[in-house]
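I have placed the structure first, in the form of structure tokens, so that the comments after it can refer back to it.
The values are calculated or read from the model by the stated rules, or taken from the named source; none is laboratory data. Everything quoted here is computed from the prediction, not taken from an experiment. Methodologically, a virtual Cβ is constructed for each residue, glycine included, from the backbone with ideal geometry; neighbour enumeration extends over all protein chains shown.
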Amino acid sequence: MPPSLPLTEPAITAKGLRRSFDGRLAVDGISLDVKAGEVFGILGPNGSGKTTTVRLLNGLITPDAGEMRVLGLDPVTQGDQVRRRTGVLTESPSLNEGLSVYDNLEFYGTLYGIASHDLPGRIKRVLERMGLDSRMRDKAGGLSKGMKQRLAIARAILHEPPVLFLDEPTSGLDPEAAEQINALILDLKRQGHTVFLCTHRLTEAERVCDRFAFFSQGRILAAGTKADLERRVDDALRVELEFDGAIPSALPGERDGQILRIAVRARAEIADMVEAAVQSGGRIVRVSPLTPSLEAIYFTLQHRSEAPHELA
Amino acid sequence: MNWRSIWAIARKDLKEVFANRSVWAPVILLPLILVIVLPVLLLVLPTRVPQNRMNIPDDLLPRLMGQLPVGLADVIAPLPPAQQISLLMVSTLFAPMLLAIPIMIASLIGANSFAGEKERKTLEALLYTPASDGELLYGKMLAAVLPAVALSWISFALYAVVVNAASWPLVGRVWFPTATWWPLMLWVTPAVAVMGLGLTVLISSKVNTFMEANQLSGLSVILVVALVISQISGALFLGVGLTMLLGAVIWIVDAVIVTVAIKTFSRSSLITRM
């Protein structure tokens, strides 16, 4: 069981993080707080600064500007202590494929300071949890892609770190293997781990994350819970009206049989719109505001970020 | 410095070497050729070639014999010229050639360990561990230097057996190794292993594949070639004193190379080049 922080203490904080490579800004003034015990999704396309942020927070690289803390420790000056308390799943599984499943874990367990007498038991338990105990003596290179990913997660949680960084954990996996990984992430959350999940699979993220930050070109476009993010795009809401009989011709919108979908600029407009439909002679039997998917919210915000005048 | 971590890294790298045939095959083959095939050819072939077809320059033997220590000269002098040349080759002129073993093995394992880890995309996970930069570097260096020196010493022992056995019909007693070989093996061999590895570490930080790193670091064998040529031409004769001095110079060069390597080997520079 990972040691937990007081609920008031964020597991990860970053303020104004900035880092460039050869004059190109990879991370541009990122600020975020990740609460202990939550799954925080960093969502964005490849090259948006997700991996660089993970590297900064683990002290692999130093920021050009800004401050950060992981479990109260400064990754710049206390990088080894931070890394002792974090587990990282890198974008590629990064396994030593010529070694056995057991040898891979034994090696990393030793580097993470697990006592020799404790190591075999820990390895056995984590492999059972990942469903890999029957493959313990097999070469890691002979495992399927999904199994390799599970082994890499086993490596990341072997030392029971309170904070986990998972970089594209379902990338390249088939739906069944991806589902297993997502179930595992929820399981880790239930056990009290704080999970920092980087992904560009928004549908999956919506199912496992408590809060989100949208990354684009090294910046955070928006952050918060799904409800917070929905409010950011209120003006892109759509409402579905179902009619008993014909849809009045005066009403605008997209028609599908007896169903009409209309875009509104704010939730407050819904009542006015229903009233207008009734006055036009329509007999409404159902009104459903359509909740935008995380994907729709992301693309709306992304589109606005590319048109600076719309952000103001 | 956490020695448990350092040993774990060294042990893991060695396991990977023996799991990869393209790495361990040359590690085994090179010493076998140098310590068995070549000395047997050098000692046996001259006995099969007529003396009048050997074309040995008139001044070569007196010049080389004049430089030999007394004990060795006593062994060689009574023999016919062709056999004299053979024994000179295996006992003296050939000595620097064996330095190719620690250089090549250290470079090969070092290239697999540093550039190979980048190529196999296994380095990133390693950099996320709490092991310090120093522990990562020393673990990897140990993985290359230990087998390089151990295999060189085993090769040397094997070479001594082969030379004595192959020359038994000529000499009739155990006469090898000569005095120069001891400092060469115990003092110079570890020094050249560290040198080959140090250059590999520096090169590996600039390239991304095992082959590139191995090919470039293999250039350090030039030192061996230069020593062999110097010996044969008579420009340099490795006696005990000169061998000790050569070792000291290489250790000084090592200190410089390793200092630069330590400065080059940092997480941030490695991760930004991935």
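Return yes when B:Ala125 is modelled with pLDDT of 80 or more, part of a helix (DSSP H, G or I), under 30 Å from B:Leu270 (Cα atoms) and within 14 Å of chain A (Cβ to nearest Cβ) and no when it is not.
Working: modelled with pLDDT of 80 or more: yes; part of a helix (DSSP H, G or I): yes; under 30 Å from B:Leu270 (Cα atoms): yes; within 14 Å of chain A (Cβ to nearest Cβ): yes.
It is true that B:Ala125 is modelled with pLDDT of 80 or more, part of a helix (DSSP H, G or I), under 30 Å from B:Leu270 (Cα atoms) and within 14 Å of chain A (Cβ to nearest Cβ).
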Failed item, numbered, when A:Arg286 is tested on (1) more than 20 Å from the chain's Cα centre (by Cα); (2) modelled with pLDDT under 85; (3) not in a helix (DSSP H, G or I): (2)
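Looking only at residues that are modelled with pLDDT of 90 or more and surrounded by fewer than 20 Cβ atoms within 10 Å (Cβ to Cβ) in the range A:11-27, which one is farthest from A:Asp74 (Cα to Cα)? Spell out how you get there, then give the answer.
Taking the range A:11-27 and keeping what is modelled with pLDDT of 90 or more, we get A:11-21, A:24-27.
Still in the running and surrounded by fewer than 20 Cβ atoms within 10 Å (Cβ to Cβ): A:13, A:15-16, A:18, A:20-21, A:24-25.
Numbers: A:Thr13: 10, A:Lys15: 12, A:Gly16: 15, A:Arg18: 15, A:Ser20: 20, A:Phe21: 22, A:Arg24: 25, A:Leu25: 22 Å.
Checking each candidate, the answer is A:Arg24.
In the list B:Val207, B:Val145, B:Val174, which residue meets the criterion of being under 12 Å from B:Ala106 (Cα atoms) and either part of a loop (DSSP other than H, G, I, E, B) or without any contact (Cβ under 8 Å) to a residue 60 or more places away in the chain (or both)? Show your work before the answer.
On the way: B:Val207 fails: under 12 Å from B:Ala106 (Cα atoms); B:Val174 fails: under 12 Å from B:Ala106 (Cα atoms).
None of the other options fit; the residue is B:Val145.
Of A:Thr199, A:Thr291, A:Thr225, which residue is surrounded by fewer than 18 Cβ atoms within 10 Å (Cβ to Cβ), touching a Leu at 6+ places or on another chain (Cβ under 9 Å) and not charged (D, E, K, R)? Write out each step before concluding.
On the way: A:Thr199 fails: surrounded by fewer than 18 Cβ atoms within 10 Å (Cβ to Cβ); A:Thr225 fails: touching a Leu at 6+ places or on another chain (Cβ under 9 Å).
After ruling out the rest, the residue left standing is A:Thr291.
Within the range A:243-251, is there a residue that is in a strand (DSSP E or B) and at pLDDT 85 or above? Spell out the reasoning first.
Within the range A:243-251, the first condition is being in a strand (DSSP E or B), and the residues that meet it are A:243.
Then keep just the ones that are at pLDDT 85 or above; that gives A:243.
Yes; the residues of the range A:243-251 include at least one that is in a strand (DSSP E or B) and at pLDDT 85 or above.
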Top-ranked residue in the range B:130-142 [being touching a residue at least 24 places away in the same chain (Cβ under 8 Å) and facing chain A (nearest Cβ under 7 Å); ranked as nearest to A:Phe107 (Cα to Cα)]: B:Ala131
Residue selected from the range A:88-132 under the condition at the interface with chain B (Cβ under 7 Å from one of its Cβ atoms), hydrophobic (A, V, I, L, M, F, W, C) and over 21 Å from A:Pro169 (Cα atoms), by the criterion surrounded by the most Cβ atoms within 10 Å (Cβ to Cβ): A:Leu111
Residue count for the range B:12-29, restricted to those that are at the interface with another protein chain (Cβ under 8 Å from one of its Cβ atoms), among the charged types (D, E, K, R) and surrounded by fewer than 21 Cβ atoms within 10 Å (Cβ to Cβ): 1
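Could you tell me which of the residues A:Glu160, A:Glu204, A:Glu168, A:Glu230 is charged (D, E, K, R) and free of Cβ contacts under 8 Å to residues at least 60 places away in the same chain? Quick ask: steps written out before the conclusion?
On the way: A:Glu160 fails: free of Cβ contacts under 8 Å to residues at least 60 places away in the same chain; A:Glu168 fails: free of Cβ contacts under 8 Å to residues at least 60 places away in the same chain; A:Glu230 fails: free of Cβ contacts under 8 Å to residues at least 60 places away in the same chain.
It is A:Glu204.
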Residues of the range A:11-50 classified as in contact (Cβ under 8 Å) with a residue 40 or more places away in the chain and assigned to a strand (DSSP E or B), total: 25
Residue within the range B:126-146 that is out of contact with any helix residue (DSSP H, G or I) (no Cβ under 6 Å at 6 or more places or on another chain) and farther than 24 Å from B:Met274 by Cα present: yes
Filter result (more than 10 Å from chain B (Cβ to nearest Cβ), in contact (Cβ under 8 Å) with a residue 60 or more places away in the chain and surrounded by fewer than 24 Cβ atoms within 10 Å (Cβ to Cβ)) within the range A:51-86: A:Leu71, A:Gly72
Top-ranked residue of the range B:200-215 - restricted to ones that are more than 15 Å from B:Val23 (Cβ to Cβ) and touching a Leu at 6+ places or on another chain (Cβ under 8 Å), ranked as surrounded by the most Cβ atoms within 10 Å (Cβ to Cβ): B:Val201
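For the structure I just gave you, tell me whether A:Arg137 is away from every other protein chain (no Cβ under 12 Å), over 21 Å from A:Glu176 (Cα atoms), part of a loop (DSSP other than H, G, I, E, B) and charged (D, E, K, R).
Details: away from every other protein chain (no Cβ under 12 Å): yes; over 21 Å from A:Glu176 (Cα atoms): yes; part of a loop (DSSP other than H, G, I, E, B): yes; charged (D, E, K, R): yes.
Yes; evaluated as a whole, the condition is true for this residue.
How many residues does the range A:265-288 hold that are within 27 Å of A:Ile220 (Cβ to Cβ) and surrounded by 13 or more Cβ atoms within 10 Å (Cβ to Cβ)?
Narrowing the range A:265-288 to residues within 27 Å of A:Ile220 (Cβ to Cβ): A:265-267.
Subset that is surrounded by 13 or more Cβ atoms within 10 Å (Cβ to Cβ): A:267.
The total comes to 1.
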Pick from the range A:55-80, criterion under 16 Å from A:Phe165 (Cα atoms) and small (Gly, Ala, Ser), ranking: nearest to the chain's Cα centre (by Cα): A:Gly59
Test: residue in the range B:201-208 that is under 16 Å from the mean Cα position of the chain (by Cα) and among the polar types (S, T, N, Q): no
Residue check for A:Leu151: of a type in the set (A, V, I, L, M, F, W, C) and under 11 Å from the mean Cα position of the chain (by Cα): no
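Where residues in the range A:141-151 are out of contact with any Gly (no Cβ under 8 Å at 6 or more places or on another chain) and part of a helix (DSSP H, G or I), which of them is nearest to A:Ala178 (Cα to Cα)? If you could, list the steps in order and put the result at the bottom.
We begin by selecting, within the range A:141-151, every residue out of contact with any Gly (no Cβ under 8 Å at 6 or more places or on another chain); these are A:142-144, A:146-149, A:151.
When the remaining residues are screened for being part of a helix (DSSP H, G or I), the result is A:142, A:146-149, A:151.
On the way: A:Gly142: 19, A:Gly146: 8, A:Met147: 11, A:Lys148: 12, A:Gln149: 10, A:Leu151: 14 Å.
Among them, the one singled out is A:Gly146.
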Selection count, the range B:216-274, where residues are surrounded by fewer than 19 Cβ atoms within 10 Å (Cβ to Cβ) and within 14 Å of chain A (Cβ to nearest Cβ): 7
